[in-house]
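Report on one structure; see the data block that follows.
The values are calculated or read from the model by the stated rules, or taken from the named source; none is laboratory data. Here the structure is a predicted model, which means the values were calculated and not measured. Don't worry about glycine lacking a Cβ; one is built from the backbone with ideal geometry, like all the others, and counts go over all protein chains shown.
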Amino acid sequence: MLRSFLIVLLTLLLFCDYELVQEQFADEFGQIEAILSGEEESEEMPGAVSKVDPNKPMIALTFDDGPGKYTGQILDRLEEYDARASFFVLGICVDEYPEVVQRMQELGCEIGNHTTNHKRLTTLDTQGIVDELSQTNQRLQNVIGEEAALMRPPYGSVNEQVETCANMPLAMWSVDPMDWENQNADYIVNHVLQNAKDGDVVIMHDIYETSAQATIQLIPALIEQGYQLVTVSELAEARGVELQDGTQYFEFHK
Ligand code: ZN
């Protein structure tokens, strides 16, 4: 009786020890793996390699009406080239692609407010404008833990009432390849390469496959020309512009 009790006790002890050793080993092994893959370093310095040089030319690529099914392709390319862009998202699309919005944030991209339902704000009353913007900000708060710092009015449609109700700076644009209309990747690429200069803000729409295809070509092409691809807020900051609520900004030329 005593002998069998001792055997059970010994077995239990051995088993517990074995588990402990296994756990310790797994911990140490995990640390070694993290060091080898540079995980710890990247956790400590997010975005440190992609700091904006204010003395070098820069362009802000911006995308409206998403996220959509092609947004991921644009994010892949941005990540590949350590570049950033601004995405003016619709509240209804944030609901559909919350993980895409989270990835935008992880990559250091800017997430702006393009209203909830893409209504022409100049046709709404004060409460309607406030609702269209605040509902999307609430969704962003839920998905990424913060509201948008900028808004872009659908159709670029603005009046004094929209400016007053915005409670955010209005991010307009200076280069428009009309990607939604022509849906022609070559045309979009040529238009942007011929027209975009230092300090410009380019508008495109990430819900069209042709716009994603164009962006995949544009990112390396613009970098090759010496441009840094930055967010609208980064561009403003680099040019010493303090963005004001209710004010429209089209470009940030020197
Ligand atoms: Zn739009």
In region 96-123, what count of residues is obtained for those that are out of contact with any Lys or Arg (no Cβ under 8 Å at 6 or more places or on another chain), closer than 21 Å to residue 52 by Cα and not in a helix (DSSP H, G or I)?
-> 1
Would you tally the residues in region 119-176 being in contact with a Cys (Cβ under 6 Å, 6 or more places away or on another chain) and within 16 Å of the ligand (Cβ to nearest atom)?
-> 1
Residues being touching a Pro at 6+ places or on another chain (Cβ under 9 Å) and in contact (Cβ under 8 Å) with a residue 12 or more places away in the chain - total across region 234-246 | 8
Has region 79-86 got any residue that is at pLDDT 85 or above, within 16 Å of the ligand (Cβ to nearest atom) and under 20 Å from residue 209 (Cα atoms)?
-> yes
Number of the condition not met by residue 93 [criteria: (1) away from the ligand (no atom under 16 Å from the Cβ); (2) touching a Gly at 6+ places or on another chain (Cβ under 9 Å); (3) assigned to a helix (DSSP H, G or I)] = (1)
Can you tell me which residue among 183, 194 is surrounded by fewer than 18 Cβ atoms within 10 Å (Cβ to Cβ) and within 16 Å of the ligand (Cβ to nearest atom)?
-> 183
Which of (1) out of contact with any helix residue (DSSP H, G or I) (no Cβ under 9 Å at 6 or more places or on another chain); (2) under 18 Å from residue 149 (Cα atoms); (3) surrounded by fewer than 24 Cβ atoms within 10 Å (Cβ to Cβ) does residue 232 not meet, given it meets every other one?
-> (3)
Of (1) within 16 Å of the ligand (Cβ to nearest atom); (2) buried (at least 18 other Cβ atoms within 10 Å of the Cβ); (3) of a type outside the set (Lys, Arg), residue 109 satisfies every one except (1)
Given the conditions (1) closer than 29 Å to residue 238 by Cβ; (2) not in a strand (DSSP E or B), and given that residue 210 satisfies all but one, which numbered condition is not satisfied?
-> (1)
One residue from 207, 203 being surrounded by 21 or more Cβ atoms within 10 Å (Cβ to Cβ) and in contact with a Phe, Trp or Tyr (Cβ under 9 Å, 6 or more places away or on another chain) | 203
Taking the stated definitions as given, is residue 145 more than 21 Å from the chain's Cα centre (by Cα) and surrounded by fewer than 19 Cβ atoms within 10 Å (Cβ to Cβ)?
-> no
